[in-house]
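Some notes on the structure that comes next.
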Amino acid sequence: MASTFKTLRLILGDQLNAGHSWYTSKNDDTLYVIAELYQEANYVQHHIQKVCAFFAAMQAFSKALQTAGHNVKYLTLDDTKDYSQLPELLNSLIKDHQIELFEYQLPDEYRLRAQLSAYRNQLSIASNAFETEHFYLSDSEISHYFTVGKKHRLEAFYRKMRARFNVLMDGDKPLGGTWNFDSNNRNKLKQKDLPEIPEPLVFANDVADIFERLKRHNITTFGEYHERLLWPINRQQAKDLVAAFCETQLSKFGFFQDAMTCKADDLYTKKQWSLYHSRLSFALNSKIISPAYVVDTVVDYYYKHSSEVDIAQIEGFVRQIIGWREFVRGIYWVNMPQYARLNQLGAKRNLPKWFWDGETKMNCQKHAIKQSLDFAYAHHIQRLMVTGNFCLIAGIDPNQVDDWYLGVYVDAIEWVEMPNTRGMSQFADGGIVGSKAYASSGNYINKMSDYCSECQYDIKSVDGNNACPMNSMYWHFMSKYEEQFSNNPRNKMIYSSWHKKQPEERENILAKAQHYLSVLDDI
């Protein structure tokens with residue numbers, strides 16, 4: 001490799017898009033740089049599997065570019081240890097390689113986009129910024145669909161996306177006669193369903209060297225480490241995961257999309273953490289694979305196997321990618337940076353210590369958190385209605401909630417994490433994302449899972465000695481914010497039920513909640 005180049009192109013860890021126009025031609029004067037960065041490993045405490053997955057995927061992408069004939073410089077933490085911030089590293093590279101032009105793809109996190117924009121503005125050499133060419137909507141189109149501070153709703157956006165990109169359409173009408181089959185997506189797994197849950201496809205990527213490097217450089221992580229990383233780190237593995245989803249999980253994905261269980265594992269097989277979910281979010285969010293490839297492949301499979309896969313299954317899957325994923329990205333970019341400071345409910349309690357080890361008597365929380373620590377993964381209902389719901393009704397500081405979600409999940413990048421957490425889950429944005437606060441008693445968890453049947457707490461009790469904490473805390477939360485929430489038509493029945501209770505009963509419930517809120521670390 002030559003020592004001097006005209007152009008330096010920076011590739012960030014979530015920009016592993018082999019289909020980008022950058023790579024359509026080879027240029028001996030262009031150097032691509034992919035770097036393990038201290039600032040990215042340390043800006044929040046990450047799950048060990050998350051860091052290993054990103055670094056392993058970055059290495060794999062570097063090798064793929066080199067094989068394709070591009071000049072690539074891969075820098076490990078050993079190489080970047082003297083640079084605490086990205087601009088310092090870039091200055092050194094530009095000087096060492098006598099660079100005349102600096103180019104980068106627009107980061108999908110606000111802090112990185114701001115950092116590189118400021119860096120570009122002070123450069124004495126020429127520079128260019130490019131789109132990542134990954135999402136359905138380009139950066140420039142986001143403002144056509146979203147307005148800062150406005151309360152947006154998924155359904156209207158989703159319909160526009162379906163029609164525009166001609167996904168599951170019959171002319172100008174939705175395939176199957178209706179846009180949304182969400183009412184078909186709320187089935188609980190029964191005992192007879194458990195043996196049929198498919199064993200998930202996992203990988204065995206060797207990350208021992210990365211783990212040793214993280215230890216050597218004192219990068220603080222948490223969660224369970226697996227020397228053989230189960231997550232896909234290259235395009236072929238991601239494509240294999242798409243194919244496996246189509247063949248083994250799609251036929252029941254919609255039916256059991258919201259279901260949870262703690263009774264499907266045995267000594268040999270771990271499958272209750274994955275159920276019928278695709279687990280493609282890491283491959284998507286690191287851009288190893290594109291949303292268009294995933295949607296087109298899965299939709300094509302549906303058309304070829306419509307006797308095995310009904311419309312409710314495929315629509316539920318498409319809605320997550322072409323709908324929700326693009327929706328939260330739009331919410332994020334049109335509202336940042338002020339969105340990161342929103343705390344509409346004034347929540348300020350500390351995150352309980354058991355979020356870091358799963359050691360709580362609440363069986364629902366224990367399973368959702370231990371799964372997150374074991375696999376760096378939980379599905380959307382575990383995130384929203386188990387851990388997220390708890391944090392909402394307990395009044396946990398949204399900054400702490402954001403940091404935990406951003407760190408614990410292998411797929412968590414701020415553009416997708418923050419609107420889901422601060423917005424949908426915690427209602428800290430006051431309704432920009434969701435039309436109501438997604439608060440619930442333990443009844444919802446009991447309805448959608450078998451967690452409660454093995455819990456130390458009594459799901460049917462609200463204020464008894466062994467009452468489920470979620471029950472009284474839910475009523476405490478709803479009572480506290482009655483003035484703010486009671487005008488929402490979806491809450492009228494809830495408040496009617498609350499006010500039908502005798503004053504003494506309401507006082508007992510609120511007292512029980514206050515007790516639990518005072519001992520959150522120990523429940």
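Quick notes on this structure:
- Each Lys and Arg contributes +1 and each Asp and Glu -1, all at the Cβ; summed about the Cα centre of the range 18-95, the dipole is approximately 200 debye.
- Highest-first arrangement of 33-39, 275-281, where packing means the average Cβ count within 10 Å: 275-281, 33-39
- Mean accessible surface per residue for the range 241-314, computed with a 1.4 Å probe while every protein chain stays in place, in Å²: 34 Å²
- Under the simplified labelling scheme, the residue 144-residue 130 pair shows an inter-label distance of 2.2 nm, with each label point 7 Å from Cα along Cα→Cβ.
- Farthest positive-ward along the range 1-75 dipole, Cα basis, beta-carbon charges - from 47, 34, 60: 60
- Three-way shape label, the range 72-226, alpha-carbon gyration tensor, a/c 1.5: oblate
- Heavy-atom accessible area per residue - the range 81-184, 1.4 Å, Å²: 52 Å²
- Whole-Å distance, taken between Cα centres, linking the range 153-206 and the range 14-67: 31 Å
- Considering only beta bridges that DSSP places wholly inside the chain, some 15 percent are antiparallel.
- Annotation: residue 226 carries an accessible surface of approximately 60 Å², with a 1.4 Å probe and no ligand, DNA or RNA atoms counted.
- Among 209-222, 139-152, the peptide with the highest mean count of other Cβ atoms within 10 Å heads the list, and the full ranking is 209-222, 139-152.
- Calculated on alpha-carbon atoms, Rg and Dmax of the chain in Å: 23.8, 81
- Comparing 187, 169, 198 along the charge dipole axis of the range 114-205, the residue lying farthest to the positive side is 187, per the Cβ-charge model.
- Fully extended contour minus Cα-Cα distance, from residue 521 to residue 166, at 0.36 nm per residue: 122.8 nm
- Counting only lysines at least 8 places from residue 6 when in the same chain, those with an alpha carbon closer than 21 Å to its own are 26, 73, 95.
- Simple spin-label estimate for residue 435 and residue 453 gives 3.4 nm between the two label positions (7 Å along the Cα-to-Cβ direction from each Cα).
- Angle of helix 154-165 to the longest C-alpha principal axis of the chain, folded into 0 to 90 degrees and rounded to 10: 40°.
- Residues of the range 34-68 falling in the label zone of residue 28, defined by backbone nitrogen less than 19 Å from a point 7 Å along Cα to beta-carbon, are 66-68.
- Accessible area per residue for the range 385-436 is 14 Å², calculated with a 1.4 Å probe on protein heavy atoms, without ligands, DNA or RNA.
- Compactness of the range 346-405 as Cα Rg over 2.2 N^0.38 Å, two decimals: 1.02
- Building the convex hull from the alpha-carbon atoms of the range 113-182 and averaging its projection over directions returns 7.2 nm².
- Only the Cβ atoms of Lys and Arg (+1) and of Asp and Glu (-1) were treated as charged; on that basis the dipole of the range 370-523 about its Cα centre amounts to roughly 680 debye.
- Largest-first ordering by accessible area, 1.4 Å probe, given options 92, 183: 183, 92
- Both the radius of gyration and Dmax for the range 4-160 are 17.1, 52 Å, in that order, over alpha-carbon atoms.
- Whole-percent carbon and sulfur share, accessible surface of the range 298-387, 1.4 Å: 50 percent
- Assigned charges on the beta-carbon of Lys, Arg, Asp, Glu; the range 310-390 dipole about Cα centre (debye): 420 debye
- For the range 258-265, backbone phi angles converted through the Karplus equation (6.51, -1.76, 1.60; θ = phi - 60°) give residue-by-residue couplings of 9, 7, 9, 8, 10, 10, 9, 7 Hz, Gly and Pro being listed as x.
- Accessible carbon and sulfur surface of the range 200-260 relative to its total accessible area, %, 1.4 Å: 45 percent
- Cross-link pairs 460/512; 192/271; 188/366; 81/287; 188/263 - those with Cα-Cα distance over 21 Å: 81/287
- With 0.36 nm allotted per residue and the present C-alpha distance subtracted, the residue 222-residue 184 stretch has 10.0 nm of extension available.
- Centre-to-centre, using Cα atoms only, the range 436-473 and the range 246-276 are separated by 23 Å.
- Here the range 1-65 has 46 percent of its accessible surface on carbon and sulfur atoms, given a 1.4 Å probe and all protein chains in place.
- Dipole of the range 421-523 [Lys/Arg +1, Asp/Glu -1 at C-beta], most positive-end residue of 477, 523, 452: 477
The values are calculated or read from the model by the stated rules, or taken from the named source; none is laboratory data. It should be emphasised that the depicted structure is a prediction, and the values quoted were computed from it without experimental measurement. Cβ sites come from the backbone with ideal geometry, for glycine too, and all protein chains shown count toward neighbours. Side chains are part of the model used for accessible areas, which takes the heavy atoms of the whole protein and leaves out ligands, DNA and RNA. Shrake-Rupley method; radii C 1.70, N 1.55, O 1.52, S 1.80 Å.
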